[in-house]
There are 2 protein chains.
Amino acid sequence: MQQVRVRTSATASDYSVLIGRNLLGRAGPEASRAAPSRKAFLITDAHVAEHYLAPATESLRAAGLDTSAAILPPGEHTKTLAQAGDLFDRMLRAGLDRGSVVVGLGGGVVTDLAGFVAAAYMRGVAWVAVSTSLLGQVDASVGGKTGVDHPECKNLIGAFHQPSAVLADVSTLATLPDEELRTGLAEVVKHAMIRDAAMMDCLEADADALLARAPAVLETIVARNVRLKADVVSADEREGGLRRILNYGHTIGHAIESWAMASGGQAGQAMTHGRAVALGMVAEAHIACARGLLSADDADRQRRILERFGLPVAIGGPIDADRCLALARHDKKARAGRLWFVLPEGVGRVTQTDDVTDDEIRAALAHLGGS
Amino acid sequence: MQQVRVRTSATASDYSVLIGRNLLGRAGPEASRAAPSRKAFLITDAHVAEHYLAPATESLRAAGLDTSAAILPPGEHTKTLAQAGDLFDRMLRAGLDRGSVVVGLGGGVVTDLAGFVAAAYMRGVAWVAVSTSLLGQVDASVGGKTGVDHPECKNLIGAFHQPSAVLADVSTLATLPDEELRTGLAEVVKHAMIRDAAMMDCLEADADALLARAPAVLETIVARNVRLKADVVSADEREGGLRRILNYGHTIGHAIESWAMASGGQAGQAMTHGRAVALGMVAEAHIACARGLLSADDADRQRRILERFGLPVAIGGPIDADRCLALARHDKKARAGRLWFVLPEGVGRVTQTDDVTDDEIRAALAHLGGS
């Protein structure tokens, strides 16, 4: 097992992310330390519950916690304000008070929602994230971002609320659908590109083992990603400076994701967050190449590892550039319609700018459509 | 005009509360400083809008802010998660981004709700409180507590989110209904009892001028209360230690309020927060007297000033002590069913304890019913 300590602001306590195999039994002890009133409220979804609800609940009860559970429908459409409202009802009925703990057991949807209800219930109770997806483990588990979606804007409503502890049990990745594994790998590639050239070497060397979900390799890679994200976030807890480098691939990626959703149909459903981020990274690397910031070799290296992980590097059809541009400006990361870009200067190095022109963005989108 | 600087935690900026006459024109300049993207979203209710929406909007627009407004139905029933959801829709449609500002113009209901949507929209945007009720000015304006009600628990859902500035315009108190003036005065008496014996002298000397809403006296008293609350809250931003003294009168007061609401009918509607707190203070002072902590003279002084302000010091009928006890234990300030009490040791001095017995509480409730 590996342990990464996350430093937070003065008002919140530091916490640990534990990364390893067969960690569900740690849920009880970790939650217990955060819950003086001995009550826990576990939130999960039906898919995760099938495999992991019993051992997680068992661990909480063995630690002496009076435990209730809410099992939600799986999927992003669960992450709504209405669902949060329903959870507040259940938490009140379960007798949760300020000394109780919320436990989120699942992927990013579940932990974002669990963290948000913990942030808002009685103006904030403790929570523990038990992350069962690769994306959740390498990304959502660090940074304290919690929230729910608005029909027209993902994560519109939320809070910064640090967990008391995070468990990243790589054994639980064995049951993760392939597509969700890929989504996590897209963020792993992003981390390598923005700050960790040596990790890119590891990914290239261990790609097969990662795709086969070899636990030892997963543990090493997850821990490396958690450490990287914790470094960035500790240096800049509230988005603003350094933390913005984590948005590499996301300016165009989010626009593509929103465009695909709005287009509906099969294309929309097939456009996962990971696929959109992969396409966003290819497009943003194209802008960097066109500006002479990034070599064609480095762009190609990024493209090859994405392909190796089964992620898309082109859109097999036309793309509505005007609509994508409008959606990007509508994104909550834009300020007064100005777009912020993170552009790679090499594997492991990026720069930030807000002077990318519409023509450059159009050219990058055409590049995605054309190959 | 008087200005009180409120020190907050390391993660939030300090802010000022401006107290004086005819301050609505300051709304624009204060909001403008908090809104780099030049967009403001004003939230108010229909009663307040009638008198003050035009000058407030005029001030925001004169400061160069692109301003939209939401006018809500007046009353506590507006402070719901559903109403917050509707405001998120409107804020998104109005194009509010992370650099925009929310302005709450109204009493505590409006500013609690405005602060909460500002806390949660895009995980937190700036907000300015323009407080038009005495309770809002002396209580809600300082401390950063924001939130909405659950049908079974007031302020169940919320956040700590400091405003960028607070305007307490005592001229707006001219149009405040009498009952709401009394509610504010109950908290003023509470402040005097917990920490400011000299203020009790002022209240006794200036009671008539206060009830006649003499602006100069209101300005002095509001500023004194803001300063007192800012001192307590700055020393202990998150409820825990010192801040708990602000709950004097509220342990039993909240239980009486919930009991009256649950009983419904005329009794429930007539039981304002201020009336409940007045009764709570009388009951808790009774416990302190019975323990020999407080002299009968000091308890009597509290009782007389409450009566002078038109606040109740007894319940004209039977009170269900069992139900009140159960409701108090259900309160979100209780931990694992344990009740925390703030007991006066004199005018301006309190102590805290969690060892008050059910019998003592029953005796205090009987004292309310019996006089």
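The values are calculated or read from the model by the stated rules, or taken from the named source; none is laboratory data. All figures in this text were calculated on a predicted structure; none of them were measured in a lab. Cβ atoms come from the backbone with ideal geometry, glycine included; neighbour counts cover every protein chain shown.
Scanning for something modelled with pLDDT under 95, surrounded by 14 or more Cβ atoms within 10 Å (Cβ to Cβ), small (Gly, Ala, Ser) and closer than 16 Å to B:Asn247 by Cβ, does segment B:278-287 turn up at least one residue? Steps first, please.
Narrowing segment B:278-287 to residues modelled with pLDDT under 95: none.
No, segment B:278-287 contains no residue that is modelled with pLDDT under 95, surrounded by 14 or more Cβ atoms within 10 Å (Cβ to Cβ), small (Gly, Ala, Ser) and closer than 16 Å to B:Asn247 by Cβ.
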Any hit, segment B:34-55, residues being more than 28 Å from A:His330 (Cα to Cα), at pLDDT below 95 and away from chain A (no Cβ under 14 Å) | no
Scanning segment A:1-30 residue by residue, those among the aliphatic types (A, V, I, L, M) and under 22 Å from the mean Cα position of the chain (by Cα) turn out to be A:Met1, A:Val4, A:Val6, A:Ala12, A:Val17, A:Leu18, A:Ile19, A:Leu23, A:Leu24, A:Ala27
Is it true that some residue in segment A:90-101 is out of contact with any Cys (no Cβ under 9 Å at 6 or more places or on another chain) and under 24 Å from A:Val226 (Cα atoms)?
-> yes
Return only the number of the condition from (1) outside any strand (DSSP E or B); (2) within 14 Å of chain B (Cβ to nearest Cβ); (3) crowded, with 23+ Cβ neighbours inside 10 Å that A:Thr111 does not satisfy.
-> (2)
Look at B:Thr67 and say whether it is over 25 Å from B:Pro177 (Cβ atoms) and polar (S, T, N, Q).
-> yes
Pairs under 6 Å by beta carbon, first residue within 14 Å of chain A (Cβ to nearest Cβ) and under 22 Å from B:Lys145 (Cα atoms) in segment B:159-174, partner surrounded by 23 or more Cβ atoms within 10 Å (Cβ to Cβ) and among the β-branched types (Val, Ile, Thr), six or more apart or different chains?
-> B:Ala159/B:Thr146; B:His161/B:Thr146
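If we keep just the residues of segment A:43-63 that are touching a residue at least 60 places away in the same chain (Cβ under 8 Å) and aliphatic (A, V, I, L, M), which is farthest from A:Asp86 (Cα to Cα)? Show your work before the answer.
Of all residues in segment A:43-63, those touching a residue at least 60 places away in the same chain (Cβ under 8 Å) come to A:43-45, A:48, A:51-52, A:56.
So of that shortlist, the ones also aliphatic (A, V, I, L, M) come out as A:43, A:48, A:56.
On the way: A:Ile43: 12, A:Val48: 20, A:Ala56: 22 Å.
The extreme case among them is A:Ala56.
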Mind checking which residues of segment A:124-147 are buried (at least 24 other Cβ atoms within 10 Å of the Cβ) and within 11 Å of chain B (Cβ to nearest Cβ)?
-> A:Val125, A:Thr146, A:Gly147
For segment B:88-110, does any single residue satisfy the condition of being of a type outside the set (Gly, Ala, Ser), closer than 15 Å to A:Ala120 by Cα and without any contact (Cβ under 8 Å) to a residue 40 or more places away in the chain?
-> no
Out of the residues in segment A:309-338 that are within 21 Å of the chain's Cα centre (by Cα) and more than 14 Å from every other protein chain (Cβ to nearest Cβ), state the one that is farthest from A:Ala270 (Cα to Cα).
-> A:Phe309
Output the residues belonging to segment A:348-371 that are in contact with a Phe, Trp or Tyr (Cβ under 8 Å, 6 or more places away or on another chain) and either among the basic types (Lys, Arg) or over 17 Å from A:Met281 (Cβ atoms) (or both).
-> A:Asp354
List the pairs whose first member sits in segment B:226-246 and is within 14 Å of chain A (Cβ to nearest Cβ) and farther than 14 Å from B:Ala140 by Cα, whose second member is surrounded by fewer than 15 Cβ atoms within 10 Å (Cβ to Cβ) and at pLDDT 90 or above, and whose Cβ atoms are under 8 Å apart, counting only residues at least 6 apart or on separate chains?
-> B:Arg244/B:Gln352
Per-region count, segment B:30-52, residues part of a helix (DSSP H, G or I) and crowded, with 22+ Cβ neighbours inside 10 Å = 3
In segment B:9-44, anything over 30 Å from B:Asp89 (Cβ atoms) and polar (S, T, N, Q) is listed as B:Ser9, B:Ser16, B:Asn22
Out of B:Asp14, B:Asp97, B:Asp66, B:Asp89, which single residue is of a type in the set (D, E, K, R), within 12 Å of another protein chain (Cβ to nearest Cβ) and in contact with a Ser or Thr (Cβ under 7 Å, 6 or more places away or on another chain)?
-> B:Asp97
Are any of the residues in segment B:85-104 polar (S, T, N, Q), crowded, with 22+ Cβ neighbours inside 10 Å and part of a helix (DSSP H, G or I)?
-> no
What single numbered condition from (1) among the basic types (Lys, Arg); (2) buried (at least 23 other Cβ atoms within 10 Å of the Cβ); (3) in the same structural domain as B:Asp297 (by TED's automatic domain parsing) fails to hold for B:Arg195?
-> (2)
Could you tell me which residue of segment B:17-33 is nearest to the other protein chains (Cβ to nearest Cβ), considering only residues that are farther than 15 Å from B:Val233 by Cβ and of a type in the set (A, V, I, L, M, F, W, C)?
-> B:Ala31
Taking segment A:204-229, which residues are buried (at least 21 other Cβ atoms within 10 Å of the Cβ) and of a type in the set (A, V, I, L, M, F, W, C)?
-> A:Leu210, A:Leu218, A:Ile221, A:Val222, A:Ala223, A:Val226, A:Leu228
Out of A:Ala54, A:Ala40, A:Ala49, which single residue is within 27 Å of A:Thr78 (Cα to Cα), of a type in the set (Gly, Ala, Ser) and within 22 Å of the chain's Cα centre (by Cα)?
-> A:Ala49
Would a scan of segment B:268-289 turn up a residue that is part of a loop (DSSP other than H, G, I, E, B), out of contact with any helix residue (DSSP H, G or I) (no Cβ under 7 Å at 6 or more places or on another chain) and either closer than 20 Å to B:Val342 by Cβ or not aromatic (Phe, Trp, Tyr) (or both)?
-> no
